[in-house]
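Novice: Can you read through this structure? Questions will come right after.
The values are calculated or read from the model by the stated rules, or taken from the named source; none is laboratory data. From a predicted model like this one, the values you see are computed outputs, not experimental measurements. Reconstructed Cβ throughout: ideal geometry from the backbone, glycine too, with neighbour counts over all protein chains shown. With ligands, DNA and RNA removed, areas are computed over all heavy atoms of the protein, side chains included. Shrake-Rupley method; radii C 1.70, N 1.55, O 1.52, S 1.80 Å.
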Amino acid sequence: ELGWNGLAGFGAIVTYHATPHFSLDMGGGFSLLGWKAGIRPRYNFSTNNFTPFIGAGFNATSGLGQFSSDPKDDPDPEPGAQPFTLEVRPSYLASGVVGFELVRPQGFTMQAAIGYARLLNRDNTRLIDGSMTPDERKAVDVIFKSGPVISMAFGTSFK
């Protein structure tokens, strides 16, 4: 999988098709929130090789720890920008998605999903040192808080 707020971020997904209409996606990988694991039950609308689906999932991440930003390293720094150190803590997200899965008879599989992921713990980031401009704070919120789910995965199927 490669995606934003998906099950694995950048990593692997394994899908168990319990019944033709019910599947369980499990993923693990790396994201901007650190190591990531997720699970998503989903309802498949069709029993054909191509099926749209709807699903609800849960993700847990390890956090990235601390990192620093210094405007003197930026070729075009924002006026008033100051150095800061931010800690990215473990995060827990719930998501709802719609998508599709295509499974070819030869085994090729493609899965795509869009939706929204809601951060369940609000304090997953902490400013350790320095200060952030309003634009830097907005960027932190976009990158590390609730937001859209966009994911695409390719692989193979086994019986």
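Novice: Given a Förster radius of 30 Å and the C-beta distance between residue 157 and residue 126 as r, what FRET efficiency does 1/(1 + (r/R0)^6) yield to the nearest 0.05?
Specialist: So, using R0 = 30 Å, E works out to roughly 0.10.
Novice: How large is the helix-only mean residue ellipticity at 222 nm for the chain, computed as the sum of -39500 (n - 2.57) over DSSP H runs with n ≥ 4, divided by its residue count, in deg cm²/dmol to the nearest 500?
Specialist: The helix-only estimate for the chain comes to -2000 deg cm²/dmol at 222 nm.
Novice: Give me the net charge for the shell around residue 56: Cβ to Cβ below 10 angstrom, other residues only, Lys and Arg +1, Asp and Glu -1.
Specialist: Net local charge, residue 56 excluded: +2.
Novice: Please find, in a Gaussian network model of the chain (springs between Cα atoms separated by less than 10 Å), the residue of 101, 136, 78 whose mean-square fluctuation is greatest.
Specialist: 78
Novice: How do the peptides 27-40, 60-73 rank, highest first, by the average count of neighbouring beta carbon atoms within 10 Å per residue?
Specialist: Output ranking for 27-40, 60-73: 27-40, 60-73.
Novice: Sticking with this structure for a sec: Alpha carbons only, please: Rg and Dmax for the stretch 41-159, in angstrom.
Specialist: My reading of the Cα-based Rg and Dmax gives 19.6, 59 Å.
Novice: Related question: With a 1.4 Å probe and all protein chains kept in place, how do 88, 14 rank by accessible area, largest first?
Specialist: 14, 88
Novice: Check cross-link reach from residue 36 to the aspartates and glutamates: straight Cα distance under 13 Å, and skip same-chain residues fewer than eight apart.
Specialist: Hits, sequence-local ones excluded: 1.
Novice: Using only the alpha-carbon atoms, how far is helix 134-144 inclined from the longest principal axis of the chain? Give it as 0 to 90 degrees, nearest 10.
Specialist: Between the helix axis and the principal axis of the chain, the angle is about 30 degrees.
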